Amino acid sequence: MVQPDEERPAYLRKDGHVAVITMNRPHAMNAVNAAMSIALQEAVDEFLADPELRVGILTGAGKAFCAGADLKELAARRPLIGSDQRERGFGGIMKQLIDKPLIAAINGYALGGGTEFVLACDLAVMSDAATLGLPEVRQGIIAAGGGLLRLARRVPLAIALEAAMTGSPISPEEALRWGLVNRVVPADQVLDSAIELANKIARNAPLAVQASKRVMYHGAALSDWDTEAWTLSDSTAGEILRTADAKEGPRAFAEKRKPKWEGR
């Protein structure tokens, strides 16, 4: 028998072309254990496999986005990921760049691994009552889920170092000021705001959106005067120009109608 969504530790709900993926351990503030990590990866893979789903939203059930690693599981020396998840990390997204856009809808506390989930997403909408932070050093461990690797790429190094070495929380105002999130909204508007942002993206040609994401991430480590950077941009542009959607866009414009994207 198929398990109802509300009983799964993570699940996907479709909203048009948008996949809303919910971490669902509200009794534990959506802290990560192996079951949730596996269920989250299954939801992510469902999102990636469905050509009708163009943008994903990651959020949490209840009052928290994700409180990070389940410390009770760590204390009991139980694994926090599935046996075959080492290459992809928590939820299948920490170590693997996925093609489709992913938005974090930060509905509440997002500490430790929760902040690392946010950093693994492309965009973020944050509740004005939520909190980010990497408090791992306070428990004698480090932010090994990508936090130490990604935070300094999003904010100035001194700001990232202070957050990682003090373990102090990051407020919504600070997160917005430093560009960690795209929007800060009232708590009851977080998911709606994220869906609105997702739909703005989903209206565009999906292959062009995915290619834009890919070029920006891979090109971020290169100078814009670097030959390799331009080779990447030019080759990707050539690939996109050969798609059916690249022909549909100008045709729809000329005919004064909305384009009908095929994703090919």
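Annotations
- Strands (runs of 3 or more DSSP E) completely within segment 55-162 that count 2 or more residues being surrounded by fewer than 22 Cβ atoms within 10 Å (Cβ to Cβ) and either basic (Lys, Arg) or not assigned by TED's automatic domain parsing to the domain that holds Arg13 (or both): none
- Some residue of segment 217-229 being touching an Asp or Glu at 6+ places or on another chain (Cβ under 9 Å) and more than 20 Å from Ile57 (Cβ to Cβ): yes
- Test: Glu174 is closer than 19 Å to Tyr109 by Cβ, in contact with a strand residue (DSSP E or B) (Cβ under 9 Å, 6 or more places away or on another chain) and at pLDDT below 95: no
- Of the residues making up segment 44-82, those that are touching a Gly at 6+ places or on another chain (Cβ under 6 Å) and either under 13 Å from Thr22 (Cβ atoms) or without any contact (Cβ under 8 Å) to a residue 24 or more places away in the chain (or both) are Val44, Phe47, Ala64, Phe65, Cys66.
- Against the numbered list (1) hydroxyl-bearing (Ser, Thr, Tyr); (2) in the same structural domain as Val155 (by TED's automatic domain parsing); (3) crowded, with 17+ Cβ neighbours inside 10 Å, Ser171 comes up short only at (3).
- Number of the condition not met by Val190 [criteria: (1) free of Cβ contacts under 8 Å to residues at least 60 places away in the same chain; (2) under 16 Å from Tyr109 (Cβ atoms)]: (1)
- Residue in segment 240-249 that is touching a helix residue (DSSP H, G or I) at 6+ places or on another chain (Cβ under 7 Å), of a type outside the set (Gly, Ala, Ser), assigned to a helix (DSSP H, G or I) and modelled with pLDDT under 95 present: yes
- Checking every residue in segment 239-254 against the condition of being of a type in the set (Phe, Trp, Tyr) and touching a residue at least 60 places away in the same chain (Cβ under 8 Å) gives zero matches.
- Consider segment 95-127 and keep the residues that are modelled with pLDDT under 95 and out of contact with any Leu (no Cβ under 9 Å at 6 or more places or on another chain). The one that is nearest to Leu151 (Cα to Cα) is Lys95.
- Residue that is modelled with the lowest pLDDT, among those in segment 9-40 that are among the polar types (S, T, N, Q) and surrounded by fewer than 23 Cβ atoms within 10 Å (Cβ to Cβ): Asn33
- Within segment 15-44, the residues that satisfy the criterion of being more than 16 Å from Ile81 (Cα to Cα) and out of contact with any strand residue (DSSP E or B) (no Cβ under 8 Å at 6 or more places or on another chain) are Asp15, Gly16, His27, Ala28.
- Qualifying residue in segment 207-228 (condition: part of a helix (DSSP H, G or I), touching a strand residue (DSSP E or B) at 6+ places or on another chain (Cβ under 6 Å) and under 23 Å from Leu53 (Cβ atoms)): no
The values are calculated or read from the model by the stated rules, or taken from the named source; none is laboratory data. Remember, it's a predicted structure, so these values are computed and weren't measured experimentally. Glycine gets a Cβ as well: all are built from the backbone with ideal geometry, and neighbour counts include every protein chain shown.
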